[in-house]
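Read-outs throughout are calculated quantities, based only on the coordinates presented, and are distinct from any laboratory measurement. Everything quoted here is computed from the prediction, not taken from an experiment. Cβ placement follows ideal geometry from the backbone for every residue including glycine, while neighbour counts extend to all protein chains displayed.
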Amino acid sequence: MGERGVGGKPTDGPVSRYINRRLSNPITRFIVRHNIDVTPNQMSILSAFIGMLSLPLYILNNPVLAGILVQVSSVLDGVDGELARARNIVSRRGGFLDACLDRYTDFIILAGASLYTLQKYGGILTYVSILLALAGSILVSYIHARGEKDLGIHPATIGVFPNIASRDVRLFIIFLGSIIDQLLYTLLILGVITNIYFIVKILETYGEAKDCS
């Protein structure tokens, strides 16, 4: 079977485009070339499982290993779609499962990082950072989904504001913050950029939709 369709998507964030795809593409090509019996849905589940394993590691005060698992999960999250495109088995059910697993995994990862930060620091800044990061992560995913469904526009692909809050970027920021053990500031940065992105993209997407009406 050929390797047609192995590659990125127009909605890829910068981390996916320049880092993750360089790792996920060879994995996908290896699976296709050797006709390994693994489905895109199984890869989605594996990616989610690895991401969720970060939770107990954060609780056990091992942010470095937790962060590595977060980034491994992010890389493998690209394999499911690549595999579906390469084998020409893209399906709405598969996309639905992947999106649901991604949201749940995001919450588990942020919960782990938040619990670790609360144990280590506490205080009002910690609570504010956690709330902003959780809200921003949900809102970015929400505006992307609603933009596509309601307006036929993916907010990441329009406007002048860069795609600085996509899932790949958010997980990479958590990965870096975990490696250097600075999760308080990591959550604060996440909270700021995701909420700014959400507000700006509301305006850009609404403006683009008016032009298309």
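Can you work out which of the residues in region 35-54 that are hydrophobic (A, V, I, L, M, F, W, C) and part of a loop (DSSP other than H, G, I, E, B) is surrounded by the most Cβ atoms within 10 Å (Cβ to Cβ)?
That would be Leu53.
Which one of the conditions (1) of a type in the set (Val, Ile, Thr); (2) buried (at least 23 other Cβ atoms within 10 Å of the Cβ); (3) closer than 19 Å to Thr39 by Cα does Val70 fail to meet, given that it meets all the rest?
The single condition Val70 does not satisfy is (3).
Give me the pairs, please: first residue somewhere in region 66-80 and farther than 13 Å from Asp102 by Cβ and in contact (Cβ under 8 Å) with a residue 12 or more places away in the chain, second residue anywhere and assigned to a helix (DSSP H, G or I) and among the hydroxyl-bearing types (Ser, Thr, Tyr), beta-carbon distance under 7 Å, and either six or more positions apart or on two chains.
Hits for this filter: Ala66/Ser54; Ala66/Tyr58; Ala66/Ser178; Gly67/Ser178; Leu69/Ser54; Val75/Ser24; Val79/Ser24; Val79/Thr28.
Please verify whether Leu57 is closer than 19 Å to Ile108 by Cα, in a helix (DSSP H, G or I), touching a residue at least 12 places away in the same chain (Cβ under 8 Å) and not aromatic (Phe, Trp, Tyr), treating the condition exactly as stated. Don't jump to the end; show me each part of the working.
Working: closer than 19 Å to Ile108 by Cα: yes; in a helix (DSSP H, G or I): yes; touching a residue at least 12 places away in the same chain (Cβ under 8 Å): yes; not aromatic (Phe, Trp, Tyr): yes.
Considered against the rule, which asks whether it is closer than 19 Å to Ile108 by Cα, in a helix (DSSP H, G or I), touching a residue at least 12 places away in the same chain (Cβ under 8 Å) and not aromatic (Phe, Trp, Tyr), Leu57 comes out as yes.
Considering only region 84-128, how many residues are within 15 Å of Ala48 (Cβ to Cβ) and either buried (at least 19 other Cβ atoms within 10 Å of the Cβ) or of a type outside the set (Lys, Arg) (or both)?
Restricting attention to region 84-128, the residues satisfying the condition of being within 15 Å of Ala48 (Cβ to Cβ) are 94-112.
From what's left, either buried (at least 19 other Cβ atoms within 10 Å of the Cβ) or of a type outside the set (Lys, Arg) (or both): 94-102, 104-112.
Residues flagged as within 15 Å of Ala48 (Cβ to Cβ) and either buried (at least 19 other Cβ atoms within 10 Å of the Cβ) or of a type outside the set (Lys, Arg) (or both) within region 84-128 amount to 18.
Taking helices (runs of 4 or more DSSP H) that fall entirely within region 119-213, which contain at least 2 residues that are in contact with a Gly (Cβ under 8 Å, 6 or more places away or on another chain) and of a type in the set (Ser, Thr, Tyr)?
Those helices (runs of 4 or more DSSP H) span 183-212.
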